[in-house]
Amino acid sequence: MKKVVFDNLEIYFEGEIYNLSHFGYEDEHQLIKDFFIKYGEAFVKKLDGIFAFTIYDSYKKEYFLARDRFGNIPLFYAIYEDKLYFSTSIKELNNEFKSSLIFNKIALSKYMQYLSTFGEDSFYKDIFKLEEASYLVFSDSKLNIRKYHKINTYKAINDEKQALATLEELLYDSIGKRLNKLSGTLLSGGIDSSLISSIYTKISGKKIDTFSVGYEDYKNYCELRFAKKLSNHINSNHYEVIIDKKTYIDNFYSTLNSFDEPHADSASIPLNILLKSFKELGITKLLSGEGADELFLGYNSYSKYLEYYKFKDSLSSEQSLFLNEIISALQNNTKESEYLRRVVKDQNIYNSFGEVFNDIQKRRLFVNVPTFKLEKAKKDPIDWMSYIDIKLWVANPVLTKVYNISKLNNLEIHTPFLDNSILDFAFSIDNSIKKGDTNKYLLKKIAEKYIPKDLILRTKKGFNSPFNEWIHEEFGKLIIETILNVNKETKFFNEEYLKHIYGLSLDGKFKQHLYSLFVFSLWYKKEYLN
């Protein structure tokens, strides 16, 4: 965080405020200082951008910390001997005060279920994370945290033509405000990145740079041909990186060690290799498509979950009672049986796109399950799925990965779909219009103007990689030996279930479960056992 001092105010800032020039400013620190003096704590609502900052008033001995609405940049803090310490890095915090480094089991429980911890919990009991869309005030040894923005699901848009026209206009505006010092786009060949690349080309009026990643030997994970087709369509300068097992393994430990905490999004390593490969090109800033799936119902699984919600609504009270009596006999360690159990037990059917270990699996995994509460689901399942995925999945595993890997390579990744105006607008659209007759209905309709039809109609694959195949080929039994050896020290997990998961992963099943356990065990061994 860059520090600038104005009389009694010390301002520490990292990020970019997109509406800086709208207010007549050229420097973020100056704007923050002036707006804080003029508007007080409420000024943060006026900011549009990606940011984490701290204001320290040396007269009042008061701290004010804030993060942007989506949580693009982390901000950790700790209170030690009545003093507040803060940083975008836990490692830096650990260097500034005497952390007890006491392990936080709640964070482990969250991580195992959702790929990373979330909320205020870090993996250390005395270090906390300020949540997205929040600000913190610390004064006279008192801590006060408030949300400055909450998602509003009131439906104001009931006309499809209006929804499409406004959304397209907002996309142009969102991409346009991010063009400063822009080097190009990350292009997968999917609708999100293709639409961003196409609109960026239109706005800039020039030949843009596009960057894609593929895999040697495992062609079923490789989507380079689709990215290449879009590149030819918009006439971009296209760059490809083909990853083989050696390159993946060579970057495995260094990528994991760059995170402050265990982070189980397997896309981190391919992303790091991709960004590292283009350093010599002088890249400083890229656009990427995160957020589109969550805001516009892009995941194929959403439609499946909606069927469970329909089924729940169709049950009579007698049918519900009957199913409640027999549900335990129907449990078979599959996601489907877990969703049915949630229907019968009247629990949240959908918890997050990033959910790995579900409740039943966690009971088998942990010797004693560390428990935490999730929000009560919103009444409308479409609103709920988008809301919880923005809040839990995007704000934590996704944006932590994007921030950490981009910073590791000294560049910035900006996400036009994660825009304040697009967020508000997406939730204001009537859900029947948003759902349409296919996943990502509205974006596909807009994409018809910009993208070849076969790219729009192709089956969504996501950013997958042969991580399971490669770690098994490279590490073999060392994976389960590492997990079991760490567990002998911690006694967190049931050993037989660990072995069971390892066995399943050899057949390509439960591979994310194993990866999460392996990544955690490597981190714990490094932090606590070496």
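For the stretch 234-250, residues that are open to solvent by 20 Å² or more (accessible area, probe 1.4 Å), more than 18 Å from Lys449 (Cβ to Cβ) and in a helix (DSSP H, G or I) total 5. Based on what the data block shows, is Ile422 closer than 24 Å to Ser516 by Cα, open to solvent by less than 10 Å² (accessible area, probe 1.4 Å) and within 22 Å of the chain's Cα centre (by Cα)? It is false that Ile422 is closer than 24 Å to Ser516 by Cα, open to solvent by less than 10 Å² (accessible area, probe 1.4 Å) and within 22 Å of the chain's Cα centre (by Cα). I need the full set of residues from the stretch 9-35 which are under 29 Å from Asp140 (Cβ atoms) and open to solvent by less than 20 Å² (accessible area, probe 1.4 Å), in order please. Hits for the stretch 9-35 are Leu9, Ile11, Phe13, His29, Leu31, Ile32, Phe35. Of the candidates Lys83, Lys61, Lys91, Lys38, the single residue that is surrounded by fewer than 15 Cβ atoms within 10 Å (Cβ to Cβ) and within 26 Å of the chain's Cα centre (by Cα) is Lys91. Given the criteria part of a helix (DSSP H, G or I), modelled with pLDDT under 95 and open to solvent by less than 10 Å² (accessible area, probe 1.4 Å), does Leu443 qualify? Here the answer is no, as Leu443 does not meet what is asked. Within the stretch 269-288, the set of residues being at pLDDT below 95, in a loop (DSSP other than H, G, I, E, B) and buried (at least 17 other Cβ atoms within 10 Å of the Cβ) comprises Phe278, Ile283. Hey, among the residues in the stretch 304-318 that are open to solvent by less than 90 Å² (accessible area, probe 1.4 Å), farther than 17 Å from Glu338 by Cα and assigned to a helix (DSSP H, G or I), which one's modelled with the highest pLDDT? The extreme case among them is Ser314. Residues being within 14 Å of Asp68 (Cβ to Cβ), of a type in the set (A, V, I, L, M, F, W, C) and touching a residue at least 40 places away in the same chain (Cβ under 8 Å): count how many of those fall in the stretch 3-35. Qualifying residue count, the stretch 3-35: 1. Quick check: is even one residue across the stretch 406-419 in contact (Cβ under 8 Å) with a residue 12 or more places away in the chain and assigned to a helix (DSSP H, G or I)? Checked against the condition, which is being in contact (Cβ under 8 Å) with a residue 12 or more places away in the chain and assigned to a helix (DSSP H, G or I), the stretch 406-419 yields at least one hit.
When residues in the stretch 203-220 are screened for being in contact (Cβ under 8 Å) with a residue 24 or more places away in the chain and surrounded by fewer than 18 Cβ atoms within 10 Å (Cβ to Cβ), 6 of them pass. Here Phe53 does not fit the description of being within 15 Å of Asn396 (Cβ to Cβ) and of a type outside the set (Val, Ile, Thr). Residues that are outside the structural domain of His263 (by the TED database), aromatic (Phe, Trp, Tyr) and surrounded by fewer than 16 Cβ atoms within 10 Å (Cβ to Cβ) do occur in the stretch 354-372.
Leu143: open to solvent by less than 10 Å² (accessible area, probe 1.4 Å) and not β-branched (Val, Ile, Thr), yes or no? When the stated conditions are applied, Leu143 does not pass them.
For (1) of a type outside the set (S, T, N, Q); (2) crowded, with 20+ Cβ neighbours inside 10 Å; (3) closer than 19 Å to Lys391 by Cα, each residue gets a yes or a no:
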{"site": "Lys98", "(1), (2), (3)": "yes, no, no"}
{"site": "Ser109", "(1), (2), (3)": "no, yes, yes"}
{"site": "Gly119", "(1), (2), (3)": "yes, no, yes"}
{"site": "Asp126", "(1), (2), (3)": "yes, no, no"}
{"site": "Lys129", "(1), (2), (3)": "yes, yes, yes"}
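Ser231 meets all of the listed conditions (1) open to solvent by less than 20 Å² (accessible area, probe 1.4 Å); (2) touching a residue at least 40 places away in the same chain (Cβ under 8 Å); (3) under 26 Å from the mean Cα position of the chain (by Cα) but one, namely (3).
What residue, among those in the stretch 458-512 that are free of Cβ contacts under 8 Å to residues at least 12 places away in the same chain and of a type in the set (A, V, I, L, M), is least open to solvent (accessible area, probe 1.4 Å)? Here the answer is Leu504.
The values are calculated or read from the model by the stated rules, or taken from the named source; none is laboratory data. Bear in mind the structure is a predicted one, so any value in this text is a computation, not a measurement. With ideal geometry, Cβ positions are generated from the backbone for all residues, glycine too; neighbour counts draw on all protein chains shown. Each accessible area value is taken on the protein alone, full model and side chains, heavy atoms only, with ligands, DNA and RNA left out. Shrake-Rupley method; radii C 1.70, N 1.55, O 1.52, S 1.80 Å.
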